[in-house]
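The values are calculated or read from the model by the stated rules, or taken from the named source; none is laboratory data. In this text the structure is predicted, and so the values were computed from the model without any measurement. Here the Cβ is made from the backbone with ideal geometry for all residues, glycine too, and neighbour counts use every protein chain on show. Calculation scope for accessible area: heavy atoms of the full protein, side chains included, ligands and nucleic acids excluded. Shrake-Rupley method; radii C 1.70, N 1.55, O 1.52, S 1.80 Å.
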Amino acid sequence: MEIHKYPIHHRLTYHFVWCPMRCKACLCGEAGERLAELLEEKVIELGLRLRDYRVMPDRVSLAVSAPPTVAPHRIACQIKAHTSRVLRDEFVEMTRIPTL
């Protein structure tokens, strides 16, 4: 997927919001900062355009622009799976939460 394949007027903007299991406030401090880095990296890797994001202690809000050929479900699944896996590897305390 190329980032410049579709002009800006042929992109859709999606807004995703998700939270850790039971809205546990675990995304603060170093974990929150690392999550922000991971979001930026993964969005670029997927060839999307990052519009805005907020990492709060108990939720994440992400706005991205994507070509109309990319399903929103695919975007959310890939970003959540990648960030969850890396955060669990780097922060042992997150392995106690059933799902991120």
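Which of the following residues is open to solvent by 20 Å² or more (accessible area, probe 1.4 Å) and either assigned to a helix (DSSP H, G or I) or in contact with a helix residue (DSSP H, G or I) (Cβ under 6 Å, 6 or more places away or on another chain) (or both): ILE79, ILE44? Walk me through it before giving the result.
Working: ILE79 fails: open to solvent by 20 Å² or more (accessible area, probe 1.4 Å).
Testing whether each residue is open to solvent by 20 Å² or more (accessible area, probe 1.4 Å) and either assigned to a helix (DSSP H, G or I) or in contact with a helix residue (DSSP H, G or I) (Cβ under 6 Å, 6 or more places away or on another chain) (or both) leaves just ILE44.
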Which pairs have Cβ atoms under 8 Å, sit 6 or more apart or on different chains, and link a residue in region 7-28 that is at pLDDT 85 or above to one that is open to solvent by 90 Å² or more (accessible area, probe 1.4 Å)? THR13/ARG51; VAL17/ARG59; TRP18/ARG59; CYS19/ARG59; CYS26/GLU93; LEU27/ARG59
Being aliphatic (A, V, I, L, M) and out of contact with any strand residue (DSSP E or B) (no Cβ under 7 Å at 6 or more places or on another chain) is the filter here, so list the residues in region 47-76 that pass it. VAL55, MET56, VAL70, ALA71
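Do we have ALA63 as surrounded by 15 or more Cβ atoms within 10 Å (Cβ to Cβ), of a type in the set (Gly, Ala, Ser) and assigned to a helix (DSSP H, G or I) here?
Values: surrounded by 15 or more Cβ atoms within 10 Å (Cβ to Cβ): yes; of a type in the set (Gly, Ala, Ser): yes; assigned to a helix (DSSP H, G or I): no.
Here the answer is no, as ALA63 does not meet what is asked.
Going by the structure shown, is ARG74 among the basic types (Lys, Arg), under 11 Å from the mean Cα position of the chain (by Cα) and surrounded by fewer than 13 Cβ atoms within 10 Å (Cβ to Cβ)? Let's see the steps before the verdict.
Working: among the basic types (Lys, Arg): yes; under 11 Å from the mean Cα position of the chain (by Cα): no; surrounded by fewer than 13 Cβ atoms within 10 Å (Cβ to Cβ): yes.
So ARG74 fails the test.
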For region 84-92, check the following and say yes or no: at least one residue is modelled with pLDDT under 95, open to solvent by less than 60 Å² (accessible area, probe 1.4 Å) and hydroxyl-bearing (Ser, Thr, Tyr). yes
